[in-house]
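Working notes, structure below.
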Amino acid sequence: MSSPPWTIFVVQHSHIDLGFTDRQEVITRFHRQFIDQALTLTLSERNAARPAETRFKFTCEGFWAVEQFLAGCGEEKRRRFVKSAQNGAIELTAFYLHLTELLDLGHLRDTLAPAKEFARANDVPLTAAMSCDINGLSWGMADALAENGVRFLSSNINQHHGGYPNGGPLNAFHWEGPAGGRVLVWNGLPYHKANLFGLMGGCNPVGAAGVPGAANMAADDRYVAVTDIGFAERLLPPVLAGLEANGYPYRFLPLMGSGLYTDNSPPTDDYCDLIESWNARHGGEIKIVTATLVEFFAHLEIAAGELPVFRGDWPDWWSDGVASAPVDTLLFRNAQRVKRLAERLDPERRVMTLETSAQIGRKLTLAAEHTFGYSDTSNPKLLSHQVFRRKSKLAVDADEAACSALDDVLRMRGEGEFTSHRPYTYLVINAAGEPCHGLAALAIDSWETRIFEKPFSVVDASGHVYPHQIVPDSRGWQIYLSIALAADEERALTLLPGRANGCSEPHAAPRDFYENAFLRACWSGDAGLTSLVDRESGVELLDVSKGRALGAPVYQLFPGGSRWDAGGFNMAPRRIPRSVIHEGVCRSCAVTADGPVFTTVTAEYSVAGTQSYQTEFRFAHALRRIDVTVRAKKTAEYDPEGLYVAFPFAVSGGVWSLDKPGGWVRPGVDQIPGTCCDYYLVQDGAACVGDPVGLAWTTLDAPLVHIGDTRLWQFQTSLAPEGALYSWLTNNKWECNFPIDCGGNFEFRYAIEAGAHLAQVSSAAARLRANANSFTVIRTGAQTKL
């Protein structure tokens with residue numbers, strides 16, 4: 001009995017990289033042109049005369065490209081585009097761009113709104129999404145897609161420096177979100193496979209097709225002009241035979257293609273003629289059709305039978321890119337926090353209007369797009385610098401817009417003008433929506449510090465005097481005090497010179513421990529901070545048996561390592577270079593400030609890859625929270641490397657849960673099988689919950705973490721959610737897209753809180769998120785009456 005014929009679905013699209021192949025503004029113009037070209041090809045008389053199965057069709061990979069087209073197309077072209085989208089000749093998909101995991105859930109949901117609103121307003125179907133290049137999506141996206149009526153997700157992973165879920169490509173599953181929403185996923189081959197099989201025409205590379213388990217031609221560096229089906233005849237049948245021999249269960253295969261074998265590619269209708277020629281000769285055994293995603297998924301739903309359901313996160317291997325640009329990432333995360341703060345401080349939207357929020361959200365989305373730079377990062381030519389600097393500008397623009405919006409909101413909330421006679425009056429605001437006890441910092445400028453060199457007090461309207469502590473800053477002083485505020489409470493404070501100051505001058509008494517009602521920390525000058533005990537339970541929270549103290553640096557270098565060989569492009573075997581681990585050597589660890597509000601302990605380290613490295617611990621006397629600040633002067637290194645901060649926690653029975661968009665994820669447990677376990681990108685932090693205590697770890701600036709140990713280039717897909725945590729600061733492990741070095745002067749901020757009150761994930765989660773936000777302090781314009 002003969003086997004049924006194969007059906008090959010060829011889906012044409014243009015992969016969107018904002019950068020990588022050219023300057024971002026050039027890419028923008030290109031994609032506007034591409035959709036215009038696709039519309040022309042769709043509406044041509046030649047296309048109308050073709051049979052439906054070989055007719056030109058075009059899938060818009062991201063709605064961002066559609067926006068660029070619509071912004072300048074004119075009313076008649078807009079009408080034609082809408083009509084073509086309504087009848088399926090041009091396919092609208094749900095995603096805006098291909099994103100990193102930097103966006104929080106609210107902003108992720110917002111990225112679906114442009115396509116959804118356009119589809120609703122113009123009666124255009126919108127049931128599919130297309131993910132290309134990136135190796136994963138935040139768990140909450142499954143719910144967001146389902147909530148917006150999107151039933152299908154085509155995943156076309158570029159496994160270079162990454163990998164596929166579920167053991168490899170060419171399978172289907174249902175992906176379930178934390179709230180129960182489901183989408184049907186085709187876990188497909190990378191895009192451009194239709195080009196590699198010779199089905200799109202144009203200039204085409206010769207060599208391996210990159211299909212696992214299939215027969216492949218030997219790879220070489222030649223390109224050939226494909227003008228007929230001869231190339232496809234040599235390559236496609238052996239590949240399909242190889243799939244059959246290796247147990248591929250289906251007689252259909254979707255292949256993505258573009259007009260040219262390049263990212264940011266124009267469309268072509270050459271494939272229509274090639275497919276027609278193929279079917280005339282081989283259609284009885286292997287039938288090829290032009291298709292949209294929805295047409296393919298309609299076939300998949302009928303032919304695939306019962307499919308597994310995977311409920312969990314889909315960690316993206318490509319999230320490592322955010323550590324290649326640590327300053328951009330810092331600015332992005334600040335912008336996202338500041339935007340949320342401005343919205344909380346202005347719930348009636350008097351200043352922070354919905355349109356202002358949307359504008360900032362769009363800037364955040366562009367900054368979170370997955371392309372970091374140019375395709376050849378080792379080349380110092382002008383174009384490479386242009387692409388990287390424009391990428392950085394997107395984060396700068398988002399931060400500027402968010403901070404400007406907050407400035408306007410704070411002015412509405414009572415911030416005074418900068419005048420030559422500003423009163424020393426302040427307003428401390430708790431915008432958290434729940435009671436909070438923490439530190440507030442009142443700022444004075446350098447020329448004002450002379451006034452307060454003599455005793456002064458910090459008082460509120462009731463006359464209560466707050467103990468305070470002075471910290472010199474670049475442009476003056478920060479005056480810290482401990483204060484408790486109810487939910488949404490604001491409290492007016494005044495600096496009064498010449499009154500009882502409530503402050504003992506900070507000093508640095510030599511000692512090797514710190515203790516308050518909640519914790520005890522011990523350190524030594526040559527080992528760093530090596531013990532942290534929860535006093536209520538007596539539980540030790542650190543395990544320094546590896547010689548890594550709390551906040552110590554770990555530096556990994558791959559001397560002479562080939563980034564390309566480690567990447568495994570196009571299913572090539574990976575060759576991981578040898579790495580050398582450099583442990584930080586503690587040169588000193590001592591009290592550097594000791595006052596009525598907090599004690600500061602500073603550890604100085606020497607470690608390869610840096611000119612200097614310092615970890616500062618701030619222990620507030622009235623709080624459980626420890627603030628940790630790492631400052632590193634990173635030297636430029638052009639071999640692959642990684643710099644980490646060790647947090648050697650050892651919570652008894654502790655299991656890590658990570659703050660991911662949409663839900664809390666136990667690494668190695670709550671994720672799709674076969675996905676990245678080397679590292680994770682978190683939002684506000686991670687919680688380690690055990691018995692009898694739990695721990696909340698908050699990160700403000702550096703979102704990438706390794707669990708258990710450093711795992712750069714291990715390509716692990718299984719993990720126990722326990723052990724130490726490592727904050728990944730810098731990364732230059734790619735030969736393209738990432739900066740070739742990560743030199744710079746950096747600061748990274750964290751907060752740690754532990755205790756029996758955090759022995760549940762929900763309570764630990766609440767605290768780590770609260771610790772990501774401090775009190776808002778403004779200097780007001782009128783003297784507070786006492």
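Numbers at a glance
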{"item": "Every residue from the range 731-762 that is in a loop (DSSP other than H, G, I, E, B) and farther than 30 Å from GLY609 by Cα", "result": "ALA759, GLN760"}
{"item": "Among the residues listed as THR365, THR371, the single one being in a loop (DSSP other than H, G, I, E, B), among the β-branched types (Val, Ile, Thr) and under 30 Å from GLY177 (Cα atoms)", "result": "THR371"}
{"item": "Subset of the range 107-160 (residues that are without any contact (Cβ under 8 Å) to a residue 12 or more places away in the chain and under 23 Å from ARG333 (Cα atoms))", "result": "ALA113"}
{"item": "Search result, residues across the range 563-579 that are in contact (Cβ under 8 Å) with a residue 40 or more places away in the chain and outside any helix (DSSP H, G or I)", "result": "GLY568, ALA572, ARG574, ILE576, PRO577, SER579"}
{"item": "The lone exception for ILE740 - which of (1) at pLDDT 95 or above; (2) among the hydrophobic types (A, V, I, L, M, F, W, C); (3) within 21 Å of the chain's Cα centre (by Cα) it fails", "result": "(1)"}
{"item": "Number of positions in the range 257-299 that are of a type outside the set (Val, Ile, Thr) and more than 40 Å from the chain's Cα centre (by Cα)", "result": "13"}
{"item": "Selection count, the range 404-457, where residues are without any contact (Cβ under 8 Å) to a residue 24 or more places away in the chain, charged (D, E, K, R) and closer than 29 Å to LEU768 by Cβ", "result": "1"}
{"item": "Those strands (runs of 3 or more DSSP E) lying entirely in the range 515-558 with at least 2 residues touching a Ser or Thr at 6+ places or on another chain (Cβ under 7 Å), assigned by TED's automatic domain parsing to the domain that holds ARG625 and closer than 25 Å to PRO596 by Cα", "result": "519-524"}
{"item": "Inter-residue pairs, beta-carbon under 7 Å, first farther than 16 Å from LEU99 by Cβ and in the range 307-325, second in a strand (DSSP E or B) and aliphatic (A, V, I, L, M), 6+ apart", "result": "LEU307/ALA172; ALA323/LEU704; ALA323/LEU729"}
{"item": "Residue list for the range 616-664, restricted to those being assigned to a strand (DSSP E or B) and at pLDDT below 95", "result": "GLY663"}
{"item": "Candidates LYS393, LYS363, LYS339, filtered to the one that is within 23 Å of ASP143 (Cβ to Cβ) and within 23 Å of the chain's Cα centre (by Cα)", "result": "LYS339"}
{"item": "Matching residues in the range 95-126 - criterion: being over 19 Å from the mean Cα position of the chain (by Cα) and either among the charged types (D, E, K, R) or in a loop (DSSP other than H, G, I, E, B) (or both)", "result": "LYS116, GLU117, ARG120, ASP123, VAL124, PRO125, LEU126"}
{"item": "All strands (runs of 3 or more DSSP E) inside the range 132-211 with 3 or more residues being within 29 Å of THR268 (Cβ to Cβ) and modelled with pLDDT of 95 or more", "result": "152-157, 182-188"}
{"item": "Qualifying residue in the range 256-264 (condition: touching an Asp or Glu at 6+ places or on another chain (Cβ under 6 Å), part of a loop (DSSP other than H, G, I, E, B) and not polar (S, T, N, Q))", "result": "yes"}
{"item": "Sole residue being of a type in the set (A, V, I, L, M), surrounded by fewer than 23 Cβ atoms within 10 Å (Cβ to Cβ), in contact (Cβ under 8 Å) with a residue 12 or more places away in the chain and more than 16 Å from ASP110 (Cβ to Cβ), chosen from VAL387, VAL338", "result": "VAL338"}
{"item": "Residue match in the range 693-706 (condition: of a type outside the set (S, T, N, Q) and more than 30 Å from PRO435 (Cα to Cα))", "result": "yes"}
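For (1) surrounded by 14 or more Cβ atoms within 10 Å (Cβ to Cβ); (2) within 22 Å of ILE752 (Cα to Cα), each residue gets a yes or a no:
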{"site": "ASN430", "(1), (2)": "yes, yes"}
{"site": "GLY433", "(1), (2)": "no, yes"}
{"site": "PHE456", "(1), (2)": "yes, no"}
{"site": "ALA461", "(1), (2)": "no, no"}
{"site": "VAL465", "(1), (2)": "yes, no"}
{"site": "ILE483", "(1), (2)": "yes, yes"}
{"site": "ASP488", "(1), (2)": "yes, no"}
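The values are calculated or read from the model by the stated rules, or taken from the named source; none is laboratory data. If you're wondering where the values come from, they're calculated on a predicted model, not measured in any experiment. Glycine gets a Cβ as well: all are built from the backbone with ideal geometry, and neighbour counts include every protein chain shown.
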